[in-house]
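In what follows, a single structure is set out as structure tokens and then discussed.
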Amino acid sequence: MSIKSVLVPLTGSDKPCDTNSLTSALNIAKHLNCNVDVLHVKRDPKSAAAFVGEGMTTAMIESVIEMAEKDIDQRCETARNLFNTMCADRGIDVEAPGETTPHAAPSARFVEKTGNQEDFLPAYGRMFDLIVVCKKSTVDNSENDLVINAAILETGRPVLVIDEPIPEEFGKKIAVIWNGSVESSLAITQSLSLLQAAEKVSLITAIDDLSEDIKPDEAMRYLKLHGVNAESCAIRGTTGKSTAEALMDAAGKFGADFVVMGAYTKSRLRRLFFGAVTGEMLENCKLPILLVH
């Protein structure tokens, strides 16, 4: 699948995280010559009234709503200013409102909506080839986690989770995590354009007691038919490490600068016995991870 449209949500309240995700998205746009939608969802200021205590007067409630409106407007202005500045610095064409004509060069547009970002993102994000989110939040991590999980679990689209900004030239050595699941199959098919452009690809398979029948042969054949000559790496036994730690070690030994994997591929029972690999990878992996569920 070629990547022509990228979505990046901005909060307007966390400059480092917003900057990292927008930098990554714009670098992807320049690398792949595609479009970026920068989405800022403004919260309804009336929702602030739900958190006021009992016995507050109408004047006090109105004051709370007014302060919420100022904060919401400030966040939107911050997000828009960051968008305008970074597009100008990188020479990215900014689309006019309502414009739909494909650009010959990388382009971007700022989209402003009202609601809750974690509620709005799933439906809006389904018509993009890639969603970019930053996990290194300096504000409310629980809110950031909600957005990341909404993107991964409810859009059906590839989600690139980054810690630090990815450079314009990325994906030279890609580690693909394979376990034979629907999700890991989708991860391969939806990242084919990146895998085809990579200098080297390693297909890493972690085999545990419940997955002895998982073999990389068919995945290797599929990749080869699509022009990707990957090497195979099978992990048997983790010598006291978790599966996620073993996968990260294998990716590190390969020299990967990018990881592709299916997200939340195990049943609840298997996660109970073998651990939640996706969660641990999200928490501890320093490399950019493209996840598909």
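The values are calculated or read from the model by the stated rules, or taken from the named source; none is laboratory data. If you're wondering where the values come from, they're calculated on a predicted model, not measured in any experiment. Please note: Cβ atoms are built from the backbone with ideal geometry, for glycine as well, and neighbour counts cover all protein chains shown.
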Go through segment 168-200 residue by residue and tally those that are more than 26 Å from LEU22 (Cα to Cα) and free of Cβ contacts under 8 Å to residues at least 40 places away in the same chain.
-> 1
Tally the residues that are over 23 Å from ILE166 (Cβ atoms) and either free of Cβ contacts under 8 Å to residues at least 24 places away in the same chain or exposed (fewer than 13 other Cβ atoms within 10 Å of the Cβ) (or both), restricting the search to segment 240-258.
-> 2
Over segment 106-134, the set of residues crowded, with 22+ Cβ neighbours inside 10 Å and out of contact with any Asp or Glu (no Cβ under 9 Å at 6 or more places or on another chain) is LEU130, ILE131, VAL132, VAL133
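For the condition under 19 Å from ALA151 (Cα atoms), modelled with pLDDT of 90 or more and either assigned by TED's automatic domain parsing to the domain that holds ASN33 or not polar (S, T, N, Q) (or both), what is the one hit in MET220, MET261? Steps first, please.
Details: MET220 fails: under 19 Å from ALA151 (Cα atoms).
The unique qualifying residue is MET261.
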Tell me, please, whether a residue that is buried (at least 18 other Cβ atoms within 10 Å of the Cβ), over 23 Å from LEU194 (Cβ atoms), outside the structural domain of LEU194 (by TED's automatic domain parsing) and at pLDDT below 90 can be found in segment 74-90.
-> no
Would you say GLY12 is outside any helix (DSSP H, G or I), touching a helix residue (DSSP H, G or I) at 6+ places or on another chain (Cβ under 9 Å), modelled with pLDDT under 95 and under 30 Å from GLY156 (Cβ atoms)?
-> yes
What number of residues in segment 15-47 are of a type in the set (Val, Ile, Thr), part of a strand (DSSP E or B) and out of contact with any Ser or Thr (no Cβ under 8 Å at 6 or more places or on another chain)?
-> 1
